[in-house]
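The values are calculated or read from the model by the stated rules, or taken from the named source; none is laboratory data. None of the values given here were measured: they were computed from a predicted structure. Please note: Cβ atoms are built from the backbone with ideal geometry, for glycine as well, and neighbour counts cover all protein chains shown. Please note that ligands, DNA and RNA were not included when accessible areas were found on the heavy atoms of the full protein model with its side chains. Shrake-Rupley method; radii C 1.70, N 1.55, O 1.52, S 1.80 Å.
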Amino acid sequence: MAETRRRVAAERDRQRRAQRRRTLAVRSVVTLLATGVIAALAVVVSRSNEDANNRAGTAGSSGGALVAEVKSAAGISSPIRGVTTYTASQGHEAKREIRYEQVPPVGGQHDPVWLNCGTYTQPVPARNAVHSLEHGAVWLTYRPDLPADRLALLTAKAKASYVILSPVPDLPSPVVASAWGIQLPLTDVGDPRLDEFLKTYREGPQSPEPGAPCSGGVSR
């Protein structure tokens, strides 16, 4: 009788050990499957985000020039009289031509490399200057025939950091001050609104990436 009980107990113990092994095996498989699903989802999300960013900069990649997405935003107010406001898309386009509807442009898709802030005596690539606007720069532009004394005054105002100064042919006004999504045409460099514009919008809250570099990029 004692031997029978010992055998029964041993068999039950063997069955419990086998059941524990099966349970551990099932749990391991479930864990592996769950880990694989999570990893696959992470890859999908990562690729989706990357694709979205790429689409922002390469929309319409079937060919031809890219028209920067910049729309009038009359409902956005500015404390400065005469300012026109816009909403602009963001995105990088390294290869194709980018066409801007505003002269000079105030935002939209742009080159992956920004323009170094500073004073230029020749026109600069708009696609690079727009990237600098994204970083908080103010772009002061003037007609090439601006009188020398007025240009000297404008150059003095452009010595601050995060300012680009350059001529632009066919400018709609003698002087135009631009920031990301904001533009002010001026007939005279001495207009006090120019100083107010620089104070308000140089590295201002309108910038999508305030404080990002305005040096270490390209110079024309």
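Number of residues in the stretch 104-122 that are over 20 Å from PRO167 (Cβ atoms), touching a residue at least 60 places away in the same chain (Cβ under 8 Å) and of a type in the set (Gly, Ala, Ser): the value is 1.
Looking only at the stretch 157-184, count every residue that is touching a residue at least 60 places away in the same chain (Cβ under 8 Å) and surrounded by 16 or more Cβ atoms within 10 Å (Cβ to Cβ) and tell me the total. Even if it seems obvious, please write down each step before you answer.
Restricting attention to the stretch 157-184, the residues satisfying the condition of being touching a residue at least 60 places away in the same chain (Cβ under 8 Å) are 168, 170-172, 176, 178-184.
If we keep only those that are surrounded by 16 or more Cβ atoms within 10 Å (Cβ to Cβ) too, we end up with 168, 171, 176, 178-184.
The number of residues fulfilling the criteria is 10.
Against the numbered list (1) surrounded by fewer than 19 Cβ atoms within 10 Å (Cβ to Cβ); (2) in contact (Cβ under 8 Å) with a residue 60 or more places away in the chain, GLY190 comes up short only at (2). Apart from one condition, PRO213 fits all of (1) open to solvent by less than 10 Å² (accessible area, probe 1.4 Å); (2) under 19 Å from the mean Cα position of the chain (by Cα); the exception is (1).
Does ASP195 qualify as being free of Cβ contacts under 8 Å to residues at least 24 places away in the same chain, among the acidic types (Asp, Glu) and either open to solvent by 50 Å² or more (accessible area, probe 1.4 Å) or out of contact with any helix residue (DSSP H, G or I) (no Cβ under 6 Å at 6 or more places or on another chain) (or both)?
Numbers: free of Cβ contacts under 8 Å to residues at least 24 places away in the same chain: no; among the acidic types (Asp, Glu): yes; either open to solvent by 50 Å² or more (accessible area, probe 1.4 Å) or out of contact with any helix residue (DSSP H, G or I) (no Cβ under 6 Å at 6 or more places or on another chain) (or both): yes.
Considered against the rule, which asks whether it is free of Cβ contacts under 8 Å to residues at least 24 places away in the same chain, among the acidic types (Asp, Glu) and either open to solvent by 50 Å² or more (accessible area, probe 1.4 Å) or out of contact with any helix residue (DSSP H, G or I) (no Cβ under 6 Å at 6 or more places or on another chain) (or both), ASP195 comes out as no.
Of the residues making up the stretch 60-76, those that are modelled with pLDDT of 80 or more and either of a type in the set (Ser, Thr, Tyr) or under 8 Å from THR87 (Cβ atoms) (or both) are VAL70, LYS71, SER72, ALA73, ILE76.
For the stretch 77-97, enumerate the residues that are part of a loop (DSSP other than H, G, I, E, B) and open to solvent by less than 90 Å² (accessible area, probe 1.4 Å). Answer for the stretch 77-97, where residues must be part of a loop (DSSP other than H, G, I, E, B) and open to solvent by less than 90 Å² (accessible area, probe 1.4 Å): SER78, ILE80, GLY82, VAL83, SER89, GLN90, GLY91, GLU93, ALA94, ARG96. Restricting attention to the stretch 134-143, the residues that are open to solvent by less than 10 Å² (accessible area, probe 1.4 Å) and under 18 Å from LEU154 (Cβ atoms) add up to 5. In the stretch 206-220, the residues that are within 17 Å of ALA126 (Cα to Cα) reach residues that are aliphatic (A, V, I, L, M) and part of a loop (DSSP other than H, G, I, E, B) with C-beta atoms within less than 8 angstrom, at least six apart or across chains, in these pairs: CYS214/ALA137; GLY217/VAL113; VAL218/VAL113; ARG220/VAL124.
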